[in-house]
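Trainee: Sending over a structure as structure tokens; questions will come in a sec.
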């Protein structure tokens, strides 16, 4: 009988972010007859729970000065554990995995996942090092078809090993979290919700500018869920616009899904993405959405005019107008919400996406695919479950 594949999954942390949520969801749901997953986190932050049979080890990364020590610790973990496959998650941990695996013998097969828009916002040194290491990878995985195309332009030498697989969403778990009490909503005014790190990529400044314009047209409220380096700037912009009574800056919210259940619209304002998990989750929980049509992902998640609206990146007036349109049309918004729930769950649920991930991991480790799951065709780069339905 074949032993389960020993998978060592590497992440920066299990803190509050889409990439971290992807990894926790993946390892928790892998078929235990085929996989024995373990997780190495560069840091120890771990609000996303792991299954009880998934060991978690911290590499105790504490900043750039500790990086050489972190690489040595990861190399030692790989030598001692002798995994059948290493999976790394996003550019920083791809660079870390590449450094630990380089020159290691024997070297396990490696799958590198790319979680953000290639070539946009990437630290130059990390990108330079990743380019030197990606040649070792058995497969490289982007989470949207748009980011796959961009990655092929940035790293043309990887095209033959490049795949596109979205992140699996655990909607059964999200439904339970969404049902939890959350006595946040005040009054009958329409409620918007925004979720993300307070960074330049996510453009909270655009959110505040558009909301200020919208608030001149109608009574409306906004929840901002997230923390980050721009918190002080966001607080200042809220105060300067006189929005302190209608905008709540909630910081990191452990269970934002209970708030999504109470909201009327989800808003995403990013300049670039990979495939935003928060947007998938909001749509799957039955929220119509207004998002920037940024590279990459929102236009693959939102069916324009059917589950939400897309606007040009950086255009506060267009964002305000789109929000105003849907707030003025509750029946249209309700139909969008119902269709959003249907489409997101069909495309991105664990049940839809996980088999493709399991197949890729087994093939990358040169294990035969079992259970009647067909192998991909030679040279296949797409995700069969991600098309229109």
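The values are calculated or read from the model by the stated rules, or taken from the named source; none is laboratory data. Values in this document were obtained by computation on a predicted structure and should not be read as measured data. Positions of Cβ are generated from backbone atoms using ideal geometry, with glycine treated the same way; all protein chains shown enter the neighbour counts.
Trainee: For residue 243, are the conditions met, namely being surrounded by fewer than 19 Cβ atoms within 10 Å (Cβ to Cβ), touching a residue at least 24 places away in the same chain (Cβ under 8 Å) and assigned to a strand (DSSP E or B)?
Mentor: The answer is no for residue 243.
Trainee: Also: What is the one condition in (1) loosely packed, with under 15 Cβ neighbours inside 10 Å; (2) modelled with pLDDT under 95; (3) closer than 28 Å to residue 341 by Cα that residue 184 does not satisfy?
Mentor: In the conditions (1) loosely packed, with under 15 Cβ neighbours inside 10 Å; (2) modelled with pLDDT under 95; (3) closer than 28 Å to residue 341 by Cα, residue 184 misses (1) alone.
Trainee: Right, next: Output the residues belonging to region 14-30 that are touching a helix residue (DSSP H, G or I) at 6+ places or on another chain (Cβ under 6 Å) and not in a helix (DSSP H, G or I).
Mentor: Correct list: 14 only.
Trainee: Another question, if that's okay. Working only within region 102-120, note down all residues that are crowded, with 22+ Cβ neighbours inside 10 Å and touching a strand residue (DSSP E or B) at 6+ places or on another chain (Cβ under 8 Å).
Mentor: 110, 111, 112, 113, 114, 115, 118
Trainee: Follow-up. Taking the stated definitions as given, is residue 130 buried (at least 21 other Cβ atoms within 10 Å of the Cβ) and free of Cβ contacts under 8 Å to residues at least 60 places away in the same chain?
Mentor: Considered against the rule, which asks whether it is buried (at least 21 other Cβ atoms within 10 Å of the Cβ) and free of Cβ contacts under 8 Å to residues at least 60 places away in the same chain, residue 130 comes out as yes.
Trainee: Out of all the residues in region 249-268, which are touching a strand residue (DSSP E or B) at 6+ places or on another chain (Cβ under 6 Å) and either in a loop (DSSP other than H, G, I, E, B) or modelled with pLDDT under 95 (or both)?
Mentor: Within region 249-268, 253, 256, 263, 264 qualify.
Trainee: Which one is surrounded by the most Cβ atoms within 10 Å (Cβ to Cβ) among residues in region 246-259 that are within 23 Å of residue 213 (Cα to Cα) and touching a helix residue (DSSP H, G or I) at 6+ places or on another chain (Cβ under 7 Å)?
Mentor: 247
Trainee: Please enumerate the residues belonging to region 281-305 that are out of contact with any strand residue (DSSP E or B) (no Cβ under 7 Å at 6 or more places or on another chain) and surrounded by 23 or more Cβ atoms within 10 Å (Cβ to Cβ).
Mentor: 285, 294, 296, 297, 301
Trainee: Name the one entry in 53, 60 that is on the phi > 0 side of the Ramachandran plot and either loosely packed, with under 14 Cβ neighbours inside 10 Å or in contact with a helix residue (DSSP H, G or I) (Cβ under 9 Å, 6 or more places away or on another chain) (or both).
Mentor: Matching residue, one of 53, 60: 60.
Trainee: Mind checking which residues of region 342-354 are assigned to a helix (DSSP H, G or I) and either touching a helix residue (DSSP H, G or I) at 6+ places or on another chain (Cβ under 7 Å) or in contact (Cβ under 8 Å) with a residue 24 or more places away in the chain (or both)?
Mentor: 343, 344, 345, 346, 347, 348, 350, 352, 353, 354
Trainee: For residues that are modelled with pLDDT of 95 or more and over 15 Å from residue 110 (Cα atoms), scanning just region 126-149, find the one that is nearest to the chain's Cα centre (by Cα).
Mentor: Among residues in region 126-149 that are modelled with pLDDT of 95 or more and over 15 Å from residue 110 (Cα atoms), the one nearest to the chain's Cα centre (by Cα) is 143.
Trainee: I've got another one for you. Looking at (1) part of a helix (DSSP H, G or I); (2) surrounded by 24 or more Cβ atoms within 10 Å (Cβ to Cβ); (3) assigned by TED's automatic domain parsing to the domain that holds residue 187, can you tell me which one residue 361 breaks?
Mentor: Of everything listed in (1) part of a helix (DSSP H, G or I); (2) surrounded by 24 or more Cβ atoms within 10 Å (Cβ to Cβ); (3) assigned by TED's automatic domain parsing to the domain that holds residue 187, residue 361 misses just condition (3).
Trainee: On to the next question. Report every pair of residues separated by at least 6 positions or lying on different chains whose Cβ atoms are under 8 Å apart, first residue within region 256-274 and on the phi > 0 side of the Ramachandran plot, second surrounded by fewer than 24 Cβ atoms within 10 Å (Cβ to Cβ).
Mentor: Matching pairs, first to second residue: none at all.
Trainee: Now for a separate question. Restricting the search to region 297-316, which residues are assigned to a loop (DSSP other than H, G, I, E, B) and more than 26 Å from residue 114 (Cβ to Cβ)?
Mentor: The answer is 305, 306, 315.
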